[in-house]
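Since the structure comes first, as structure tokens, the remarks are kept for the end.
The values are calculated or read from the model by the stated rules, or taken from the named source; none is laboratory data. Bear in mind that the values here come from a model prediction, so they are computed numbers and not experimental data. No Cβ is skipped: glycine too gets one built from the backbone with ideal geometry, and neighbour counts run over all protein chains shown.
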Amino acid sequence: MLKIKNFTKSYVKGVNAADNITLNVEDGEIFGFIGHNGAGKTTTIKAIVGTLDFDQGEILLDGLSIKNDPLLFKQRIAYIPDYPEIYNNLTGMQYLDFIVNIYNLNSSAINEEIKKYAVEFEMTSAINDEINTYSHGMRQKLLLISAFIRKPKLLILDEPFTGLDPNATFKMKQLMRQFADEGAIIFFSTHILEVAEKFCDTVGIIRNGRLMKVGTMQEVKGDKSLENVFMELLDHE
Amino acid sequence: MSNYFHLLKVSLIENFHLNKVFKRDKIISKILFVLLGFVIAGSVVFSIGSVYYFIPMMVANPNEALETILNTALSIVSLIMIVSTLLQAKGFLFKGNDFDLLVSMPIKLKTIVLSKISTLLIANYVGMLVGFGPAIVVIAMLGLTTKIMFYVLAVLIFLFFPLAIVSVFALISLLFSNIFRNFKYKNLLIIIFGLTLITVYFIYSFSMNSNNVIFLEIGKAIEYIYYPAVLAVNGLLGNYLHLGIFFVLNIILFILFINIAGKLYLKSNTGSVRKAKKINKTLTIAKSSQTKVLIKNEFKKYFSIPQYVINTIFGKVLLPIGLIVIPMQMGGLALDPTMSLDINVFIYLILALVAVLTVTLSSTTSVTLSLEGRQLWILKTIPVSTKQIFLSKMAVDLSTTLAGAVIGLVGVAILVPFNLIGFSLLTIFILSLGVHNAVLGLIINLKFPKLKWDLPVRVVKQSLSVLMHMLASFALAILLVMGVLLLSKTISNINLIFAMATAFVLLTAIAEIFVLNKYGDKWFGRL
């Protein structure tokens, strides 16, 4: 289970980018993190994956703290940022080789896994090309392959639907569901409310750093559409 | 430890473009590229080696030759490493695009820092090879010492020397960037500091009689440049206590650096809490013409990248220094009332040569389009003509040339006996040279752009367009010097020779403007 307890982070004195956020995501759940630009989604995600230092609160994955046990925590996660910055001068295969070695994935099946996901995301012909020749979507696909071969306990994605073609989006959603069914936690941020509404088991709405609503999709939206709930929360501010 | 090697492998492939080097296609161009690299590296090593070679002839006591060569070599190496570490450490260590990726992985922060500094160290070993290697070869050639132990220790010094220097100055660079993180005029401060160093160095150089004397002076200042280098020299000369201290110091400082930087790594990349800014400005936009806005934008971009300014303003700073210092040094000759008019014009010709060597040394336009990088789409989609874009880009280079030229020419007017023809020709010559430099730089950048990069310093220092511009400038300088020499055999009137040289540069600039006008649009469209 992913537990976020009283997480607070500020970049500017007196202004909290994330303000006392508390939420739990159970194993096997797909959690959608929704908010306007600058709401605090990426700040929270970066704190979860350990790329942002924070002073208040705690973030735990299966009891492991990102602050106290960062290496064990990170061994169990795969993170895909909103802008896929990866080594431009490496080939796709060299990047995957790097991931395989860092995560100690030296099992005999790993090559088959890479082949499988490369076919699924239509990357077979480009996998040996340098990453600087890739489009935004292709970089995203490479990162997805590198995440799925890790079989992470927590897959965390920042705006994953940006730049992906319909086929890759469909494949990604299929795989995310499959991983969740196998017990993984999928945590992603998005602006696309229709996708979140159809795809997520649980959802959290964040505004100006504060978590306004969190719960199962039914609990959050009730009889209304997610879009209406989101707009109402904005209007209430 | 295995994570370290995987990180280092990736970092080397990424930073040194190893995939391109080992690509199997384009064998001929690769061979040519390697050959060109060898020629350039060979000539640098040869010229540095020749400095060391002549040192024994310049020292009073022959027994001091060995120590003087070592002092000079390690002082030069220290200076190169200090400057390059201060400039590059931030980019290599703390502002990489791979920060999010690496920190989200199960790798110790210390291991990440170790792999990053290793890449920086490898770059510094190249400097060590170029600066220190020739000294050892010269020492062997001249037979200044035949002890095997000396050469064994030299190899050890070679391996250990960069550890402490890179660690200390990388840490200083990190601390400075943390202290000045929210300081509004940080870039201006870096630019002023860099330019002051360049100015002081060149004024000092001009006051010396030859380059070798400068190197000797640098060697004498070794203890002020980097004290552990003194320990290394003493160690090589047989003081094993100093040698021991040198090795221990390097190891301890390196380990300390890894630990401190490992602890600071996360904070340095993600920033600290800053004070809230008071918002009291009203959101009003002043109306301005398109060209004016473009030019303003170009200047803003220029001054926002200190490495860009320091690398491209170098020659423009040297221009007024040269124009003022050379007449001062030649003062006795120029002020001689018995001299004929032509001899006084000859001084203007010398100053014109100074202008060629300084103005064309670098150009802002040779990397200006490359620096647009991922943002080039903005220029390509705004409703302005290509000519307006080119003009705004050339305005930066022309302004810096003009600023240097005005200061220099005022100095010339004061220091050199006034000669209307000579002064007018020199003014036209420098202005034509400025136009030529800006236009040629832009043409070269249009033909050899480097739009994919991670750090601006890679464009400013390591792109093909910069090399091409340098080669073109050398070619022009050689053409002018050869032309003047050839003309002087048949024409005795120096005024006429100078006028012909000026006309040549002016016509070259006009021809380049014509080429840019005719093909610029097409080339820009292809970017």
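General remarks:
The rows are residues; the columns are (1) within 14 Å of chain A (Cβ to nearest Cβ); (2) closer than 25 Å to B:ASN239 by Cβ; (3) touching a helix residue (DSSP H, G or I) at 6+ places or on another chain (Cβ under 7 Å); (4) among the hydrophobic types (A, V, I, L, M, F, W, C).
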residue	(1), (2), (3), (4)
B:MET105	yes, no, yes, yes
B:LYS110	yes, no, yes, no
B:LEU114	no, no, yes, yes
B:LEU121	no, no, yes, yes
B:ALA135	no, yes, yes, yes
B:VAL155	no, yes, no, yes
B:ILE165	no, yes, yes, yes
B:SER177	no, no, yes, no
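- Single residue of B:PHE5, B:PHE38 found to be more than 14 Å from chain A (Cβ to nearest Cβ), assigned to a helix (DSSP H, G or I) and aromatic (Phe, Trp, Tyr): B:PHE38
- None of A:ILE156, A:ILE185, A:ILE127 is in contact with a Lys or Arg (Cβ under 7 Å, 6 or more places away or on another chain), modelled with pLDDT of 90 or more and among the aliphatic types (A, V, I, L, M) except A:ILE185.
- Qualifying residues in the stretch A:48-65 (those that are at the interface with chain B (Cβ under 10 Å from one of its Cβ atoms) and in contact with a Lys or Arg (Cβ under 8 Å, 6 or more places away or on another chain)) - the one surrounded by the fewest Cβ atoms within 10 Å (Cβ to Cβ): A:ASP55
- Scope the stretch B:221-239; condition farther than 14 Å from B:ALA164 by Cα, free of Cβ contacts under 8 Å to residues at least 12 places away in the same chain and not in a helix (DSSP H, G or I); matching residues: B:GLY238, B:ASN239
- Residue within the stretch A:98-107 that is surrounded by fewer than 22 Cβ atoms within 10 Å (Cβ to Cβ), part of a helix (DSSP H, G or I) and among the aromatic types (Phe, Trp, Tyr) present: yes
- Odd one out for B:VAL126 among (1) crowded, with 16+ Cβ neighbours inside 10 Å; (2) more than 14 Å from chain A (Cβ to nearest Cβ); (3) modelled with pLDDT of 85 or more; (4) within 30 Å of A:ASN88 (Cα to Cα): (1)
- Qualifying residues in the stretch A:172-189 (those that are buried (at least 20 other Cβ atoms within 10 Å of the Cβ) and of a type outside the set (S, T, N, Q)) - the one farthest from A:MET1 (Cα to Cα): A:MET172
- The selection criterion, being under 25 Å from A:VAL15 (Cα atoms), touching a helix residue (DSSP H, G or I) at 6+ places or on another chain (Cβ under 6 Å) and aliphatic (A, V, I, L, M), does not hold for A:MET231.
- The residue that is farthest from the other protein chains (Cβ to nearest Cβ), counting only those in the stretch A:1-47 that are closer than 25 Å to A:LYS151 by Cβ and small (Gly, Ala, Ser), is A:GLY28.
- Close pairs (7 angstrom Cβ cut-off, 6 or more residues apart or separate chains): closer than 17 Å to A:GLU197 by Cβ in the stretch A:158-186, of a type in the set (Gly, Ala, Ser) and in a helix (DSSP H, G or I) anywhere: A:ILE186/A:ALA180
- Residue match in the stretch A:113-129 (condition: touching a strand residue (DSSP E or B) at 6+ places or on another chain (Cβ under 6 Å), polar (S, T, N, Q) and more than 9 Å from every other protein chain (Cβ to nearest Cβ)): yes
- Criterion: at pLDDT 80 or above, among the small types (Gly, Ala, Ser), assigned by TED's automatic domain parsing to the domain that holds B:THR386 and not in a loop (DSSP other than H, G, I, E, B) - qualifying residue of B:GLY315, B:GLY332: B:GLY315
- Residue satisfying condition, being part of a helix (DSSP H, G or I) and either among the acidic types (Asp, Glu) or surrounded by 14 or more Cβ atoms within 10 Å (Cβ to Cβ) (or both), within set B:LEU433, B:LEU486: B:LEU433
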